[in-house]
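Taking it in order: structure first as C-alpha cells, then the write-up.
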Amino acid sequence: MSIFDKIKEKLSNEFIDIVEWLDYTDDTIAHRFERYQNEIKNGAKLIVREGQAAVFINEGQLADVFTPGTYDLTTQNLPILATLKGWKYGFNSPFKAEVYFVNTHLFTDEKWGTKNPITLSDDRFGLVEIRAFGTYAFKVQDPGKFIKDIVGTDNNFTSFEINEHLKSLIATRFTDTVGEAKLPIELYAANTTELSETCQEVMRPEFLTVGISLEKFYIENVSMPEELKKEIFEYSRLDKIDLDKLTKFKTAKAIEAAATNEGGTAGAGMGMGMGFVLAQQMGGMMSPQMGGQQQAPPQQASAVPPPMPQETQYHYALNGAQAGPISYAQLASLFASRTINKDTLVWKPGMDGWKAVSDVEELKGFLGGNTPPPLP
C-alpha cells in the first residue's frame, strides 16, 4: 500500500462518525443528537442501545425510525430519508438530518391527583365531594408519533414536561369514569383495585394517540370530608345494631348532654327526667334478678294506671323491598341517618295505601318543620 493510499484511508476513517447517545439521567424521554449544522457523514455508524429508538427528521418531516442495533447510514438504511432527499443514485457526504434518541424504557412512579374535589350524586347522601391520588407508569410505544406530536423541536424533553399534560388527561378521564360508575359512595375507597383497572382501560386509547402506552395505573387513596365519613360509618352499623336499642341509646345521650349543659331550669328538668327514666329502667332490670325475694306490698294499695296506648307502627320501602314494622322514633332515626328520605314510601294501619314521607302529616316534622308532640 502506497503512502497516498494510507493517507486516503486515514482521512476516510476520520470522516466516519459514530452517532450514539448515552443517557446519564433518569427523567429524559427524548434527546436531540447535536451536530455542527446537523451534518452527518456518509457511512456513519449509528448505535441504538436497548431501551432506545433513533428518529430521523428531515426539514420538519418524520423520516426513518431505528430500533436497537448498529447501522451504517447509507441510502439502503435510510429509505424514507433518501426518498425525501431525492437521492436516486446514493448521496455524497455529508448530509443533513436531525436525529432524536427516544427512551423507550418504562417510566414508573409518576404521580397524579385531582386538583379540585369531584362532585358525585349519591342516592342516600345527596351531592358529595371526593378527592383521589395515586401513581402511574408509561413508556413511549411509537417514537415517531411521540416526536412529531409532543416533542417538536425541544432538544431535551423530560418526563416533567409530559407529566403536566398526562395528569390533566388522567384527572379528566378519572372524573368521567367515577361519575359513570354510580357506585355507592363508600365503595369507592373499598374497590380501588377494580376502579384502577377500569380507569386504565378507559385512558389507554387517549395515551396511544400521542404514541404513549399507559402500562400501570393505581389509585392509592380516595378521600372524603370527615363529616361524610362519620355518616357512612353510622349508616353501615344500622344493619348490625338493633334499631330500637340504637334509638334509646341516642335518646339517652341527648338527654345526658342536655343535663350537663349550663342551661338553668331547662337543664335541671332534663336531668330530673333522665333520672326518672333511668330509675324505671333500672327497676325493670333488677326485678328478674331478685328471684324469690319480694318486697312486702304497701299497706295501702295505689290506683293502677290504665295501659299505655298502643304505639303506631310503620312499614317502609327500602331498595325495592318492604321493611318494618318500626316505631315513630326508629323511623325518625332512619331519616336522620339518611337511610330514608322525603320520597321514601311508608304505610301504617289505617292508611289506604303507601305514601311518601313528605305526604304523611305526622312525619312532616322530619323535613325541618314543627317538631311533633311527645308520645303520651
First in segment 339-351 and in contact (Cβ under 8 Å) with a residue 40 or more places away in the chain, second anywhere and in a strand (DSSP E or B), Cβ under 8 Å, 6 or more apart: Thr339/Leu318
Of all residues in segment 80-124, which are acidic (Asp, Glu) and closer than 20 Å to Phe217 by Cβ? Asp109, Glu110
Filter result (under 48 Å from the mean Cα position of the chain (by Cα) and within 24 Å of Tyr36 (Cβ to Cβ)) within segment 85-104: Ala97, Glu98, Val99, Tyr100, Phe101, Val102
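For segment 174-186, check the following and say yes or no: at least one residue is of a type in the set (Gly, Ala, Ser), closer than 18 Å to Thr108 by Cβ and surrounded by fewer than 19 Cβ atoms within 10 Å (Cβ to Cβ).
No, there is no match, as no residue in segment 174-186 is of a type in the set (Gly, Ala, Ser), closer than 18 Å to Thr108 by Cβ and surrounded by fewer than 19 Cβ atoms within 10 Å (Cβ to Cβ).
From Gly126, Gly134, Gly113, grab the single residue that is under 30 Å from Met224 (Cβ atoms) and buried (at least 19 other Cβ atoms within 10 Å of the Cβ).
Details: Gly126 fails: buried (at least 19 other Cβ atoms within 10 Å of the Cβ); Gly113 fails: buried (at least 19 other Cβ atoms within 10 Å of the Cβ).
Checking each option against the conditions leaves just Gly134.
Among the residues of segment 322-357, count how many are part of a loop (DSSP other than H, G, I, E, B) and more than 22 Å from Phe125 (Cβ to Cβ).
Residues of segment 322-357 part of a loop (DSSP other than H, G, I, E, B): 327, 337-344, 348-354.
Among the residues that remain, those that are also more than 22 Å from Phe125 (Cβ to Cβ) are: 327, 348-354.
Summing the residues that are part of a loop (DSSP other than H, G, I, E, B) and more than 22 Å from Phe125 (Cβ to Cβ) in segment 322-357 gives 8.
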Trp21: in a loop (DSSP other than H, G, I, E, B), of a type outside the set (Asp, Glu), modelled with pLDDT of 85 or more and surrounded by 15 or more Cβ atoms within 10 Å (Cβ to Cβ), yes or no? yes
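Taking strands (runs of 3 or more DSSP E) that do not extend beyond segment 46-102, which have at least 2 residues that are surrounded by 15 or more Cβ atoms within 10 Å (Cβ to Cβ), among the hydrophobic types (A, V, I, L, M, F, W, C) and not assigned by TED's automatic domain parsing to the domain that holds Gly211? Outline the logic, then answer.
Details: elements: 52-58, 61-66, 69-72.
Qualifying strands (runs of 3 or more DSSP E): 52-58, 61-66.
The values are calculated or read from the model by the stated rules, or taken from the named source; none is laboratory data. Since the model is a prediction, treat every value here as computed from it, not as a measurement. Virtual Cβ from ideal backbone geometry, glycine too; neighbours counted across all protein chains shown.
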